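Read-outs: derived from the displayed coordinates by stated rules, not from any lab. These numbers come from a predicted model, not from an experiment. Glycine gets a Cβ as well: all are built from the backbone with ideal geometry, and neighbour counts include every protein chain shown.
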């Protein structure tokens, strides 16, 4: 819905902020209008989060002005900003899992039986909760425990909570990083409804295609400054990348030279692997020094294939060989002994111990390598030295690896710590499921360069990604998966975005 650009709902002019004498925001200015979406992109450390934290009272700005609905606005707390009509839906959702859906919706202002009595009217609370849940298309009962909701349902619950407080500005911070394709579609529909209700939406994401698809205007931040502020019409991902990092998107990938067959040997051989309802007669080969990609729609079986190859899930038919040695179904130990590494798509839930230190997280897979016999005593000094050297190799920004909790790192540095964990084992085959999910463009380039170096050193890499440009830029071959089957294969000389997408949708021919 188009709205008048003469009266912004939120107006920021010359916002500044410093930490310990270091200025992190340098005169940030922008407007957010009712009925429009302002997309915000930038690398980690660009100032996006600091700006939003000032808008929502988590931090206090030092210079500049903020106007909300035409009035000067300087919130001193998150609660104050919510009361003023700003809903902040962060990547780490503020949902209390031990409470019901209705209790989460009305945690701060529950309906009372009588205005002056401190007695909650559960009848009114549940009735109002049903209205709000219907508005966001969330089909659960008000009495449903919040811990039973999926990631997408929790996201919608946060939106409903914003509606409960009559918010007129919604800020979404990386809302789709842990959602399925269906949940993403539903969230986008809700954002469109917010637009139609004349709500101002600020949408922050590392996914440039999402921002281009959703936004009316786009703001790019770099080093605490706004480097681009323009209409999304006519904008491209390359325009945004240049404004973010000062170089075009094509430069993110090094040129992949033509591979010689000399000295090449198969590292991974998958033949006829089947698991009813998940995988059907999958045949796949990855050679030494080769990067093979798996493309496909969400739910096509890509992650399920990765888990079966690594032994996390079992298969009922077919064979998996690493360096010509057959591996038993569901036997992770044999994979580790064969030099197989696996980077999960969900680093926060399945990959990292978020409260543990960076060093403890990186050490997990490599402990046997640094154990002395007899007694398997860990050589801690040698292990810590190896972790620090790996951190330097990965350009890991973490402070003291022994004391810094991994939760304190940016998404890109968390991903590097996971990569480092497996590289300490010097694997022969590395399976990577969404290797750059939730990381900024600068960290992506570093990860791409690392993967290419690994392949150049003879490692075999199997890369699963939802970003087709990522696979096209990285891989030597791309397989397309659909409904549990590999339906097409393309060599680098035949990479074509449209053709690959057609195959993923079932409209292409196997090559």
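Taking only C-alpha pairs under 8 Å that are 6+ residues apart, what is the relative contact order of the chain in percent?
14
Taking only the C-alpha atoms, wrap a convex hull around the range 358-426 and report its volume per residue in Å³ as a whole number.
74
For helix 411-423, what angle does its Cα long axis make with the longest principal axis of the chain, in degrees from 0 to 90 and rounded to 10?
The two axes meet at around 20 degrees.
From the mean inverse distance of alpha carbon pairs (Kirkwood) and the Cα radius of gyration, derive Rg over Rh for the range 41-108.
When Rh is taken as the Kirkwood radius, the ratio is 1.03.
Among 57-69, 356-368, what's the highest-first ranking by average C-beta atoms within 10 angstrom per residue? Present the calculation step by step, with values, prior to reporting the outcome.
Values: 57-69: 16.5, 356-368: 19.7.
Most protected by this proxy first, the peptides run 356-368, 57-69.
According to the Cα gyration tensor, what semi-axes, each the square root of 5 times an eigenvalue, does the equivalent ellipsoid of the chain have, listed from largest to smallest in whole Å? Provide the component values of the computation, followed by the final result.
On the way: eigenvalues 352, 134, 126 Å².
The three semi-axes for the chain are 42, 26, 25 Å.
Given a Förster distance of 41 Å, report the FRET efficiency between residue 271 and residue 213 from their Cβ-Cβ distance, rounded to the nearest 0.05.
Details: r = 39 Å, r/R0 = 0.96.
Using R0 = 41 Å, I get an efficiency of 0.55.
Tell me the angle of helix 181-196 to the major Cα principal axis of the chain, expressed in degrees between 0 and 90 and rounded to the nearest ten.
The angle comes out at about 20 degrees.
Normalised by the residues of the range 376-511, what does the relative contact order come to in percent, with Cα pairs under 8 Å and at least six apart?
Values: 128 pairs, mean separation 21.5, N = 136.
Across the range 376-511, relative contact order equals 16 percent.
State, to one decimal in nm, how far the label point of residue 497 lies from the label point of residue 256, with both points 7 Å from Cα in the Cβ direction.
Simple spin-label model gives 1.7 nm for this pair.
Could you check the spin-label model distance between residue 69 and residue 130? Points 7 Å from the Cα along Cα→Cβ, value in nm.
3.0
Taking every DSSP beta bridge with both residues inside the chain, roughly what % is antiparallel (nearest 5)?
Values: 46 of 81 bridges.
Bridges in the chain that DSSP calls antiparallel: roughly 55 percent.
Per-residue counts of other Cβ atoms within 10 Å, averaged by peptide: what ranking do you get for 24-33, 163-172, 181-190, highest first?
Ranking, from highest mean packing down: 163-172, 24-33, 181-190.
Please give the Cα centre distance for the range 256-328 versus the range 20-45, rounded to the nearest Å.
Between the Cα centres of the range 256-328 and the range 20-45 lies a distance of 43 Å.
Rounded to two decimals, what ratio of Rg to Rh does the range 357-511 give with C-alpha atoms and a Kirkwood Rh?
My calculation puts Rg/Rh at 1.06.
Please list 231-239, 287-295, 338-346 highest first by mean number of surrounding beta-carbon atoms within 10 Å per residue.
Packing proxy ranking, top to bottom: 287-295, 338-346, 231-239.
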